[in-house]
Amino acid sequence: MASDKIIEARNLKYRYPDGTIGVENVDFELWRGERVVIIGPNGSGKSTLLLIIGGLISPTEGSIKFFGKEKIEPYELRRKVGILLQNPDDVLFNPTVREDLEFGPAQIEMPEEEFKQILHAVTQMLHIEHLLDKPPFRLSEGQKQKAAFGCVLTMKPEVLLLDEPFSAVDIETKLSMIRHLNELNRQGVTIVVTAHDISVVPLIADRVYLLNKHVVAVGKTREILTNVELLRKNGLDAPPFVEFALKLGLNPLPLTVDEAVRSVRKLIESGGKEKEEEANESD
Ligand SMILES: Nc1ncnc2c1ncn2[C@@H]1O[C@H](COP(=O)(O)OP(=O)(O)OP(=O)(O)O)[C@@H](O)[C@H]1O
Ligand SMILES: [Mg+2]
């Protein structure tokens, strides 16, 4: 169904005013209910691509359809698609965090009761209740990132585009954000995240785009994250467990701690027989 395709972009190119190429030859598709992660080294165009698919900048070349439409009203786009920019200072501009969180919902005239509920849920999840009356410029970097993320969530968008949402937050917050995003996804929210930190990718992605100005590879999370050579060639490390598992000869390659534990157990239970020869050869 056309409406299940949220974004369809073909041959995107973006050239910044100083001539720098942000991205080029990029095809990008997003289907309703997906969790997609865009990975790539610094300067590979992740933020540029997110700004294009968030409708905040128009591509220099190429075409993009939102919800199957060649042209979409800015209001409809802003209502449906929430975007978290990489720099929280670009988002927080009111005298207090509370006013920043109120700003978007007020623009769309969200009913008071609905806003109170979402504000409560979001501030609890992010542990920012005690920051509500502070000016954003007095927050730490991680606190700013949480407040900016809160601003996106309080709008209850059906599509979330998040640029490096975990880069400054502590591990407890990161895991809480991931749990919350996965819960939203189960409720039908479509999610795109950019990330440097490969270890979070298996926890939050069905599909992965590997970007290096153009799309180097796109595929299921396992397929991309176990291609160690391709990742290295593009300035990225495979998840730690993949390298560990490759050395142990585990099959299938685990992407997370839980998967690694299961694979190692299986290997121990089998007596590691099929691996003995290989181990002897490499001694
Ligand atoms: N406002 C700008 N003006 C000129 N060039 C820019 C601008 N913003 C980004 N670029 C350039 O565009 C390219 C892509 O940058 P982009 O910020 O999209 O990369 P990124 O993958 O998000 O990097 P990072 O991992 O550091 O966040 C880089 O070469 C960068 O220098
Ligand atoms: Mg970026």
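Which of (1) away from ligand 1 (no atom under 15 Å from the Cβ); (2) at pLDDT below 95; (3) of a type outside the set (A, V, I, L, M) does residue 220 not meet, given it meets every other one?
Among (1) away from ligand 1 (no atom under 15 Å from the Cβ); (2) at pLDDT below 95; (3) of a type outside the set (A, V, I, L, M), residue 220 violates only (2).
Take residue 173 and decide whether it is within 16 Å of ligand 1 (Cβ to nearest atom), in contact with a Lys or Arg (Cβ under 7 Å, 6 or more places away or on another chain) and either among the polar types (S, T, N, Q) or touching a residue at least 60 places away in the same chain (Cβ under 8 Å) (or both).
No; evaluated as a whole, the condition is false for this residue.
So residue 30 fits all but one of (1) within 16 Å of ligand 2 (Cβ to nearest atom); (2) of a type in the set (A, V, I, L, M, F, W, C); (3) part of a strand (DSSP E or B); what number is the exception?
Here residue 30 clears every test but (1).
Let me spell it out: the conditions are (1) crowded, with 16+ Cβ neighbours inside 10 Å; (2) not in a loop (DSSP other than H, G, I, E, B); (3) not assigned by TED's automatic domain parsing to the domain that holds residue 30, and residue 208 meets all of them except one. Which number is the exception?
The number of the failed condition is (3).
So, in the stretch 11-30, how many residues would count as being more than 16 Å from ligand 1 (Cβ to nearest atom) and loosely packed, with under 15 Cβ neighbours inside 10 Å?
Final tally of qualifying residues: 2.
Among the residues of the stretch 57-79, how many are modelled with pLDDT of 95 or more and either closer than 24 Å to residue 166 by Cβ or among the acidic types (Asp, Glu) (or both)?
The qualifying residues number 2.
Return the pairs, sorted by first residue and then second, in which the second residue is part of a loop (DSSP other than H, G, I, E, B), the first residue lies in the stretch 48-75 and is away from ligand 1 (no atom under 12 Å from the Cβ), the beta carbons are less than 7 Å apart, and the residues are 6+ apart or on different chains.
That search, which allows pairs on different chains as well, returns 66/55; 66/72.
Restricting attention to the stretch 162-196, and to residues there that are within 12 Å of ligand 2 (Cβ to nearest atom) and small (Gly, Ala, Ser), which single residue is surrounded by the fewest Cβ atoms within 10 Å (Cβ to Cβ)?
Selected residue: 167.
Which numbered condition in (1) within 26 Å of residue 113 (Cα to Cα); (2) more than 16 Å from ligand 1 (Cβ to nearest atom); (3) in contact with a Ser or Thr (Cβ under 8 Å, 6 or more places away or on another chain) is the only one that residue 145 fails?
(2)
Return yes when residue 39 is at negative phi, within 11 Å of ligand 1 (Cβ to nearest atom), without any contact (Cβ under 8 Å) to a residue 60 or more places away in the chain and crowded, with 16+ Cβ neighbours inside 10 Å and no when it is not.
no
The values are calculated or read from the model by the stated rules, or taken from the named source; none is laboratory data. Remember, predicted model here, so these are calculated numbers, not experimental data. Cβ atoms come from the backbone with ideal geometry, glycine included; neighbour counts cover every protein chain shown.
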